[in-house]
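The values are calculated or read from the model by the stated rules, or taken from the named source; none is laboratory data. Quantities reported herein were computed from a predicted structural model and do not represent experimental measurements. Methodologically, a virtual Cβ is constructed for each residue, glycine included, from the backbone with ideal geometry; neighbour enumeration extends over all protein chains shown.
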Amino acid sequence: MPASFSFRYASVLVLCLALTVGGGMAGCTPSPIKSEVKGTVTVNDQPVIEGQIAFHPADGKGSSAAGRIEYGSYSLQVSPGEKIVEIFGQREIPGRYGEELVDGKKVLMKEDYIPARYNTKSELKVTISAASSTQDFQLQPE
């Protein structure tokens with residue numbers, strides 16, 4: 001009887017602890033407010049077919065948001081505030097094939113073609129409001 005009582009007591013204790021910690025964590029920490037941000041990205045008036053876009057807090061505090069650019073469009077959830085935007089784009093290099101084979105065929109190599117002033121040395125800044133917004137980026141080649 002005492003061994004059974006200890007096991008039951010320990011089981012109840014573990015269950016209560018799990019509910020307290022798990023339930024408390026879920027209910028006490030509010031989710032950060034995020035806004036839907038969507039838009040288009042072009043270089044020299046041509047859509048970026050394949051790429052990535054990231055919004056980083058300008059003050060370095062808080063979380064970043066990143067997503068894919070597909071056929072010139074993107075859509076993602078971003079927390080409000082002033083952001084530094086980084087945009088990367090890749091395109092195939094005609095006539096240059098890598099060593100990789102896909103289904104027995106060589107694959108065209110890709111290059112990053114967005115100038116550094118739009119990504120690693122970004123000059124792009126936007127302010128995201130609490131409401132949904134559209135942020136279009138018309139980039140110029142170097």
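Descriptive notes on the structure:
- In the stretch 131-142, residue modelled with the lowest pLDDT [restricted to those that are part of a strand (DSSP E or B) and hydroxyl-bearing (Ser, Thr, Tyr)]: SER133
- Looking only at the stretch 55-66, and only at residues there that are touching an Asp or Glu at 6+ places or on another chain (Cβ under 9 Å) and part of a strand (DSSP E or B), the one that is farthest from THR127 (Cα to Cα): ALA66
- Test result for ILE69, in contact with a helix residue (DSSP H, G or I) (Cβ under 8 Å, 6 or more places away or on another chain), at pLDDT 90 or above and surrounded by 15 or more Cβ atoms within 10 Å (Cβ to Cβ): no
- Any chance GLY98 is surrounded by 11 or more Cβ atoms within 10 Å (Cβ to Cβ), farther than 30 Å from LYS34 by Cβ and either more than 15 Å from the chain's Cα centre (by Cα) or of a type in the set (Gly, Ala, Ser) (or both): yes
- Residue within the stretch 67-82 that is of a type in the set (Asp, Glu), outside any loop (DSSP other than H, G, I, E, B) and more than 15 Å from the chain's Cα centre (by Cα) present: yes
- Check on GLN52, more than 19 Å from SER122 (Cα to Cα), in the same structural domain as LEU124 (by TED's automatic domain parsing) and out of contact with any Leu (no Cβ under 7 Å at 6 or more places or on another chain): no
- All conditions in (1) modelled with pLDDT of 95 or more; (2) surrounded by 15 or more Cβ atoms within 10 Å (Cβ to Cβ) hold for GLN77, with the sole exception of (2).
- When residues in the stretch 83-109 are screened for being free of Cβ contacts under 8 Å to residues at least 24 places away in the same chain and either in contact with a Lys or Arg (Cβ under 6 Å, 6 or more places away or on another chain) or in a strand (DSSP E or B) (or both), 16 of them pass.
- Scope the stretch 65-103; condition under 17 Å from SER133 (Cβ atoms) and among the polar types (S, T, N, Q); matching residues: SER73, SER75, GLN77, SER79
- Top-ranked residue of the stretch 110-130 - restricted to ones that are loosely packed, with under 15 Cβ neighbours inside 10 Å and among the hydrophobic types (A, V, I, L, M, F, W, C), ranked as modelled with the highest pLDDT: ALA116
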